[in-house]
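A.B. asks: Sharing a structure here in structure tokens format.
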Amino acid sequence: MFKGVLPPCIRLSTSTRIAVEECLRRFGLQSVDVVFAQIKTEQFSLGNNKTGFIANFTFIFTLKNYQQYLERAQLARQRQVLPKPQAKQNVGKSIFEETIVERQSRREFLMHWVDEEAKEPSKHGQELLQACYNSGELEKFGIDWKPNNINEI
């Protein structure tokens, strides 16, 4: 997928294997494609930066980093998919295709995000939750989060 741009992962250490399993357990197998697609769009992760940093397999699958890649991918998708103000008839629709598995996975992902934001708020997480709240997606999934209750959860 990266055609030699990122360093190859030749052997997984036990700690990296555990980290990968945790990411998959929390976010699902389909999240790997989302994260890798996001990495391809980020020049910084590919080594185009002042320090020469390149995201390696261990860095990518550190839970915090993995979640941040997912957040940025979601924000990018939100920017592309959110309806314009005059197109309010699409507000109740999920940004993902409407299959039962995807809806459940999306709900679990958002619930996890609400929990994480309650523990340690981040700008990216709050922006995503705000966008999901504005689009009606949180209400659709029965998630009680409002922009002013982030610290009340």
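A.B. asks: Pull out the extension gain between Arg26 and His112, defined as 0.36 nm times the separation in residues minus the alpha carbon to alpha carbon distance; nm, one decimal.
C.D. replies: Here the answer is 30.1 nm.
A.B. asks: Expressed as a fraction of 2.2 N^0.38 Å, the rule-of-thumb size for a compact globular protein of N residues, what is the C-alpha radius of gyration of segment 1-64?
C.D. replies: My calculation over the Cα atoms of segment 1-64 gives 1.12.
A.B. asks: Please compute the modelled spin-label separation between Lys146 and Arg11, points set 7 Å along Cα→Cβ, answer in nm with one decimal.
C.D. replies: Inter-label distance under the simple model: 5.6 nm.
Computed from the coordinates by the stated procedures, all read-outs in this text should not be read as laboratory data. Here the structure is a predicted model, which means the values were calculated and not measured. Using ideal geometry, Cβ is built from the backbone for each residue, glycine included, and neighbour counts are taken over all protein chains shown.
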